[in-house]
Every structure is written in C-alpha cells, then in structure tokens.
1. Give me the dipole magnitude in Debye, nearest 20, for the stretch 214-320 about the Cα centre, with unit charges on the beta carbon: positive for Lys and Arg, negative for Asp and Glu.
2. With a/c under 1.5 counting as rounded, go ahead and sort the stretch 67-117 into rounded, prolate or oblate using the C-alpha gyration tensor (a ≥ b ≥ c being the square roots of the eigenvalues; past the cut-off, prolate if a/b is larger than b/c, else oblate).
3. In the neighborhood of residue 113, defined by Cβ-to-Cβ distances under 14 Å, what is the net charge if each Lys or Arg adds +1 and each Asp or Glu adds -1?
4. Of 41, 143, how do they rank once you tally other Cβ atoms within 10 Å and put the fewest first?
5. If you take the square roots of the eigenvalues of the alpha-carbon gyration tensor of the chain and sort them as a ≥ b ≥ c, do you get rounded (a/c under 1.5), prolate (a/b over b/c) or oblate?
6. Loop-only check: which chymotrypsin sites (Phe, Trp or Tyr not before Pro) in the stretch 230-321 are DSSP coil with at most 11 other Cβ within 10 angstrom?
7. Looking at the stretch 120-222, which GluC sites (Glu not before Pro) are DSSP coil and have at most 13 other C-beta atoms within 10 Å of their C-beta?
8. Loop-only trypsin sites (Lys or Arg not before Pro) in the stretch 1-89, please: DSSP not H, G, I, E or B, and at most 15 other Cβ atoms within 10 Å.
Amino acid sequence: MPKISIIVPVYNVQKYLDKCLDSLVNQTLEDIEIIVVNDGSPDNSQMIIDQYVEYYPGKVIPLIKENGGLADARNYGIPHAKSDIIGFIDSDDYVDLNMYEKMYNKMIEDDSDICVCDIEFVYEEDNKKGHVMSGMNQKIDTSLKKRAILSPLAAWNKIYKKNLFVKNNIKYPVGLWYEDIPTTISLFVKAKNISYVKKPFVKYLQRDSSIMGAKDDPRMYHIFDILNLTFNFFVENDLVKEYYEELEYLFIEHLMLYGNFRFLETNDYKNLINKSIKETKEKFPAWKKNKYISYLNKKNTIFIYTINQYNMFLYKWYLKR
C-alpha cells in the first residue's frame with residue numbers, strides 16, 4: 001500500500017500538466033500513487049496522462065469521468081485512493097520534490113490528521129517575482145485549531161488522513177466556486193491534531209483564467225452559498241458558540257474585505273457589495289467588534305469599516321485610478 005495518494009484533477013491544462021506531474025513522479029518519497037482524474041477535458045491532456053501512465057506504471061493511476069468541475073473530480077478520486085493518507089494538487093500548480101516526504105514524516109511524528117505547509121505564489125512571466133504565504137496563521141494568539149480555521153483554506157497545501165473524509169462524510173460541494181472553504185474548515189474542526197511544516201512546498205501558479213483572476217462571472221455569487229454552507233455546518237454540529245468569533249471573521253474576511261475588493265472590479269459591484277453587507281449584518285450584528293479585525297492593517301480596517309451603499313462608487317473610482 002502506498003504511503004500517500006495524491007489526487008490531481010485535470011481540465012484544459014495541457015500547457016501546465018507536464019510540470020505538475022514531473023514534480024509528483026520525482027518525489028523523494030517514492031512510495032506514493034498519483035491519481036490523475038481527467039474531468040472530461042476537451043484538450044490533449046489525456047495524451048499527456050497516458051504517457052506518464054506508460055512511463056510510471058502502477059504509480060500514475062488514470063481515471064476518466066464526465067465533466068463535473070473541480071470539486072466533483074476531487075470527490076471522485078478519494079474512493080480510489082489506496083493509501084490512508086491523501087493529498088490534492090491542482091494540475092496547473094507544482095510542488096517541491098521533497099514535499100510529501102517531509103509532510104508525511106511530520107504527520108507520523110505528530111500523529112496528526114492533517115499536515116499543512118506554506119505556499120509560494122509564482123507567475124507565468126519570468127520577470128514577475130512571487131511571494132510566500134504562510135499556510136498557518138502566525139499572527140493570531142489562539143488555539144492551533146482556531147488558527148488553522150483562520151489560515152489559507154486551500155485544499156492543496158495539506159495532506160489528510162483519508163478517514164477524516166470518509167468517517168465524517170465530508171465532500172467538496174459540487175458546482176460551486178470557492179469549494180475549498182467549507183470543506184477545509186470542516187476537516188480542521190473534525191481533526192484531532194494538526195501539524196505544520198514551515199516550508200513553501202507548493203508553487204501556486206497565478207494566471208488570469210483562474211477563479212481568483214476572473215471578473216464579471218456570475219459564479220462570484222457562489223461565495224454567499226459557500227459561507228452559508230459553512231455556517232450551517234457549525235449549526236448542525238452545535239459549534240457556533242465555540243467558534244463564534246472565528247466564524248464571524250470568516251464572513252468579514254471573505255465578504256467585507258477580499259470579497260468586496262473583488263466585487264469592486266465587476267460591473268455588478270453594487271448588488272454584490274450590498275449583499276455582502278446585508279449577509280454579514282444579518283448573521284453577525286456586532287461584527288465590527290470582532291477581535292480578529294485588530295490583526296488587519298490600517299488600510300484594510302478602514303475599508304471594511306467605511307464601505308457602504310453610499311460611498312462604494314468612490315472606492316471603485318479609486319481602484320480604477
């Protein structure tokens with residue numbers, strides 16, 4: 001049985017797929033399997049996958065399904081994993097060659113359910129310098145589990161005990177953008193122990209066609225559905241009281257802050273921003289008193305405290321300039 005199963009959803013990424021798969025088949029942890037899920041990709045990705053299956057038989061496992069989106073491809077791959085530990089990598093990203101050896105050893109050493117690493121942003125343009133984002137919030141003084149919830153919620157800078165998904169029936173929500181948010185939070189809450197390796201193993205490619213680079217796509221509204229799914233998870237598990245401030249801050253961060261910054265770049269910014277203000281106020285009437293706001297810089301604090309239906313056009317004008 002392999003030590004780790006890595007699930008790689010593939011859709012229209014023939015330009016990037018070789019680099020991603022090369023970084024996986026050459027891992028210093030040799031005893032891994034790479035489950036490549038072709039999510040109905042219309043390009044030549046399957047030809048590339050077939051070459052890796054031929055060169056690395058038994059290590060690269062090909063799966064083909066009808067297109068259902070990123071979340072559906074991840075969910076599809078999980079039952080096929082032979083290992084008790086799984087990870088995910090998006091097929092336009094790549095990783096350091098010692099990533100899974102280091103993270104696997106850390107998980108075993110700590111007897112943890114999840115292990116997290118840092119993230120390095122990289123760009124297609126060679127002259128554009130990237131930066132590193134901490135995978136675990138280092139600023140906030142609270143418990144490890146609460147810090148994890150307030151950290152980047154991407155699926156792919158982590159490895160997980162497979163049983164965490166299976167036992168708790170946790171899946172990625174199909175058909176929605178921002179699918180990592182409710183799933184990763186649910187996994188963090190259910191985990192008994194979380195490990196952290198302070199190394200930027202994952203190279204997160206920034207390209208305009210990605211979800212975070214998209215503008216004026218109606219699926220931007222999905223963030224509201226995603227946060228409501230997250231809220232309902234805490235309600236159903238009777239955890240709202242225990243995690244109230246963390247849950248409140250998730251709404252502040254993903255709606256009032258980064259959400260509204262993204263919304264200002266769209267043509268439908270008025271409806272999106274008004275909805276974000278309304279949703280936050282309805283669930284958290286005293287959100288402006290949240291203790292985690294004090295960790296934001298002055299610019300972001302002023303932004304979330306002052307943006308409203310009367311001045312949003314001024315912010316939009318300022319961003320254009």
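Throughout, read-outs are computed from the coordinates displayed, never taken from laboratory work. A quick note: this is a predicted structure, and the numbers were derived from the prediction, not measured. Note that we place each Cβ from the backbone using ideal geometry, even for glycine, and neighbour counts take in every protein chain shown.
1. On the way: 16 positive and 14 negative charges, 135 e Å.
Rounded to the nearest 20 debye, it is 640 debye.
2. Details: a/c = 2.66, a/b = 1.55, b/c = 1.71.
In terms of gyration-tensor shape, oblate.
3. Numbers: positive: 106, 145, 158, 161, 162, 167, 190, 192; negative: 84, 109, 110, 111.
It works out to a net charge of +4.
4. Details: 41 22, 143 10.
Going from least to most buried by this count: 143, 41.
5. prolate
6. On the way: sites: 231, 233, 234, 243, 244, 249, 251, 258, 261, 263, 269, 287, 292, 295, 303, 305, 310, 313, 315, 317, 318; in loops: 243, 310.
Listed in order of number, the matching sites are 310.
7. Values: sites: 120, 124, 125, 179; in loops: 124, 125, 179.
Of the GluC sites (Glu not before Pro), the ones in loops of the stretch 120-222 whose Cβ has at most 13 other Cβ atoms within 10 Å are 124, 125.
8. Values: sites: 3, 15, 19, 59, 65, 74, 82; in loops: 3, 15, 59, 82.
Taking the stretch 1-89 and a limit of 15 other Cβ atoms within 10 Å, the loop trypsin sites (Lys or Arg not before Pro) found are 15, 82.
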